[in-house]
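The structure appears below as structure tokens.
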Amino acid sequence: MEQETVTVEQLAPNENANETMGDPRKQGIRFMEPKKNEIRDMITNKLQQQFQEIRQDILEVVNIQINDMISEIAEKMASSELKDLVDSEKYSNRTKPTRGNTLPTKQFLQRNSLLTDLYEIKHIRTIYNLIVSTLIILLIHTAVYDIRHTGSPNLGIDTVMIGFAKFPVVLYVWCLMKLSVLGVYTAFCLWATRRLEYSPQCKSISISFFASGAVSRKIWDYSWLAAIILYQALLFVLPTKAVLDNHLPLASTMIILMEQIRLVMKTHAFVRSVAPRFLSYKPHSDTSPPQPPGFSQYLYFLFAPTLIYQDRYPRAQRIRWNIVLTNFIEVLTIIFFVALLYERLLYPNFRDFGKQPIEWGTLTLNILSSMLPGILMFLCGFYLLLHSWMNAFAELLRFADKMFYQDWWNSICYSTYYRTWNIVVHDWLYTYIYKDMYEIVTPRNKKLSVCVVFAVSSIIHEYIISFATGFFYPVLLFLFGGLGLIVVFVLKSAGNVFLWFSLSVGNGVIVSLYCMEYYARINCPQTRGDFWDLVIPRTWSCVYNEEGLREAL
């Protein structure tokens, strides 16, 4: 059985083969199978090629999209996150110190004012447009109000005319001050060139002659030092005397006094910056003797919107007259806006001060009501002087460094605020007061140097206010030189809300107290006619007299 089974199994394949060979359909199918495989392979290869091409196209598209996305992200980072780093260099106000015991110095770069750059952002520009629209509405409201009550629109013109009265006298005094400052250049060149004659010209010169030459040179130097100090004292006294003799009003007086202070600071900066070149020169050395700056350089510095002297400044390529015109229009607009603030918000509250019994509740209410116009006047003064006026003259002189302020409105402490809100004056105080105190007078004594800076700044501010108003009422001296110095050392980080709140309160107190004193001197009777009447506030005597009368009654 096993043998038969094997035989059948062996014969089965042969029978299948015979059946295939005998069937032509099966034979055709067998021959078609290789062709189907070839077609299948061809189709597969073709599809693979197409898929490979599609893959390459997709990869190219993806690469292009990724590159575009990376470029866009890089641009956004450059305009936002990395812009802060760029701006830190762009708006950097100091160079790195060259020696370990010296402080950084002022650097001048070609850059716009911060608000000019911010106006390129459409959101900030919209806020500016909103302010302009509000101002136009205020002008229309004021004109309609004046027409209803007086029959003709005023728009603050009377207040401006009163404040800037006797303007020809202002121009006359200004010209005399400018001419006197030009004489400083001639005197400096005379001192610088002639002092070399008192120096030995060779190493073989006798010791006695060397000693006599050194003494003569010291006498020469100290004589001219005394002369420049005397000139600056006269520059303080004579314009102030002209103000008092001509009884100039508030705005006219402030123009003369602020220009007087500016010229004093300019002459000091020129002498302090250039004199060391000649004082450090050694005649017996191989170096060539220094030469005074050219007159054109000195003249440009007198008009340039900076108080730091350099022989050269970054210059713009051309004058953009549309920017000049826009800035001067802003100056005039702000002047009339401040006049409207005074007429609408201050004059009605204080014009009768001293005519009626004074109550402490009324005084408190007047101070609170003065906070809004006070902070608005502060902002107007900042924008008028440090943005519009400075940018206008920077454009006229092609002065490229227009960083006259930084983002002081974002400050969280007063130390940052004092350093950033007025870069022009701060640079002068830092370079010629703080730096000299820290490096020369009181080496490495930071606190004393800061105190001297605050003392000089507060005294000058009070000097301008006192002679402009015609009386001494040391409110600004106390708030700025007293409380301002304390908060710098005590409050290291008070917050931006506290800064704005304190600025509003401080400006409200300043405006209200000065307005009270001004109208008290008009309405309250004079108690004494000597010098002390200018020093002792009339408000005090007016309040005390009212209380005395009420007690007597």
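Structure above, values below:
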quantity	calculated
Estimated FRET transfer efficiency (Y128, Y347; beta-carbon r; R0 22 Å; 0.05)	0.20
Residues K282 and T105, FRET efficiency given R0 of 30 Å [Cβ-Cβ distance, rounded to 0.05]	0.80
Most to least packed among 245-251, 257-263, 145-151 [average Cβ atoms within 10 Å]	257-263, 245-251, 145-151
In Å², nearest 10: area of H141 left accessible to a 1.4 Å probe	120 Å²
Sorted peptide list for 351-358, 301-308, criterion being average Cβ within 10 angstrom, highest first	301-308, 351-358
Per-residue ³J(HN,Hα) for region 373-386, Karplus 6.51 cos²θ - 1.76 cosθ + 1.60, θ = phi - 60°, Hz, x for Gly and Pro	x, x, 5, 5, 5, 4, 5, 5, x, 4, 5, 5, 7, 8
Difference of contour (0.36 nm per residue) and Cα-Cα distance, E53 to A226	53.3 nm
Amide H contacts under 5 Å for F399, placed H, 5+ residues apart	A316
Rounded to whole Hz, the Karplus (6.51, -1.76, 1.60) HN-Hα couplings of region 452-462, x for glycine and proline	5, 4, 5, 5, 4, 5, 5, 5, 5, 4, 5
Computed P(r) (all Cα pairs; region 324-552; 10 Å bins; percent)	7, 25, 32, 24, 10, 2, 0
Label-to-label distance, nm, for residues given as I522 and W174 (7 Å Cα→Cβ offset)	2.6 nm
Label-to-label distance, nm, for residues given as C189 and Y119 (7 Å Cα→Cβ offset)	3.9 nm
Two-decimal Rg to Rh for region 445-504 - Kirkwood Rh, Cα set	1.04
Cα-based Lys pair tally, region 324-552, threshold under 30 Å, eight or more apart or on separate chains	8
Cβ-derived FRET efficiency at R0 22 Å, I459 paired with L244, nearest 0.05	0.70
Carbon/sulfur fraction of accessible area - region 324-552, other protein chains in place, 1.4 Å, %	70 percent
Accessible-area ranking of R217, R195, R419, R272, largest first, probe 1.4 Å	R419, R272, R217, R195
Per residue, the convex hull volume that the Cα atoms of region 214-323 enclose (Å³)	136 Å³
Extension gain from L182 to F498, taking 0.36 nm per residue of separation minus the Cα-Cα distance	109.2 nm
Å² per residue, accessible surface of region 324-552 at 1.4 Å	48 Å²
³J(HN,Hα) computed for each position of region 152-157 - Karplus, 6.51 cos²θ - 1.76 cosθ + 1.60, integer Hz, glycine/proline x	8, x, 9, 6, x, 5
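The values are calculated or read from the model by the stated rules, or taken from the named source; none is laboratory data. Keep in mind the model is a prediction, meaning the values are calculated, not measured. Heads up, the Cβs are rebuilt from the backbone with ideal geometry, glycines too, and the neighbour counts pull from every protein chain shown. These area figures cover heavy atoms from the full protein model, side chains too; ligands, DNA and RNA do not enter into them. Shrake-Rupley method; radii C 1.70, N 1.55, O 1.52, S 1.80 Å.
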